[in-house]
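Here is the structure we will look at.
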Amino acid sequence: MNPSQSAKPRLPLACSVRDCGLPLERRERTFGCSHGHSYDVARSGYLNLLQPQDRRTRAAGDAKAAVEARARLLHAGIGRAIVDALVERAAALDLQPDPPVVDLGSGAGDALAAIARRRPIAGIGIDLSTAAVEHASRRFPDLTWVVANADRRLPLMDRSVELVLSFHGRRNPAECARVLAPGGFLLVAVPAPDDLIELRAIVQGHGIERERANRLLAEHASHFTLVERSTTRERRLLERAALLDLLRGTYRGERASSAARVTALTRVEVTLASDFFLFAPRG
Ligand SMILES: [Zn+2]
């Protein structure tokens, strides 16, 4: 967030203190609500709206190593076709001028920044990982980056957002519906059944297709109607360093033993695939 922010469209941020939810106004180096709750803007420009009840017991969000691994992969073009597909869909949507666009699980910020290059938006990236949010705010200071738990209550005003993005992250469908303006959209990407199937075969000894679509559709059915569904897939011949980054960037737990199996490899052809779902809130 830079000083020119004041000239930009108003951000629909809401106070995250429990039972408050009043609009947050930008002051010099803080954001505050009219009840006197105040949040410092970090030196690198992001805003931490995580409340004690929303923290996890362990280090909240992705470890720095996972964030950096994903950034290296994207920099090398690995997974780029999938991010491009998300950006393409978002940029083509019929939205109000300067729409508030919120990316849940915004990571290092590449997708939101790419959309902002395609059309003027009031972009807000939300991630539980302070490391990710700090990384994004240093790279893309013209957008707004917030540490918050997207699984819980979103720090956003009711019916204020034109587009909510969720790229391989977690989301609360009722909260997504609450913050979306009439005519807005929720765009969700989840790993397709064959995403990283070769890598999973190596790590787990068997590569089972993981079906996520039916559960996703069921979870959103009471708040949303499905507008469009599609899949983007890329296949890459990857060297050991990239395979290890895929492990660091995607799998949780068992990483040490997984890494040992991958370290024994030289190169493997890997499928990266995502299913996209465009939802509209039910009236
Ligand atoms: Zn407040």
I'm checking my understanding of the structure. Among residues of the range 194-219 that are under 25 Å from R248 (Cβ atoms), out of contact with any helix residue (DSSP H, G or I) (no Cβ under 7 Å at 6 or more places or on another chain) and in a helix (DSSP H, G or I), which one is modelled with the lowest pLDDT?
Q204
Does S44 satisfy being at pLDDT 90 or above and within 16 Å of the ligand (Cβ to nearest atom)?
no
Got a number for residues in the range 262-283 being within 20 Å of D194 (Cα to Cα) and at pLDDT below 85?
1
If you scan the range 29-41, which residues turn out to be surrounded by fewer than 18 Cβ atoms within 10 Å (Cβ to Cβ) and either within 10 Å of the ligand (Cβ to nearest atom) or under 19 Å from the mean Cα position of the chain (by Cα) (or both)?
G32, S34, H35, G36, H37, S38
Hey, I82 buried (at least 22 other Cβ atoms within 10 Å of the Cβ), of a type in the set (V, I, T) and touching a Phe, Trp or Tyr at 6+ places or on another chain (Cβ under 9 Å) or not:
yes
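The values are calculated or read from the model by the stated rules, or taken from the named source; none is laboratory data. Predicted model, so just to flag it, every value in this text is computed and none were measured. Every residue, glycine as well, gets a Cβ built from its backbone with ideal geometry; the counts of neighbours run over all protein chains shown.
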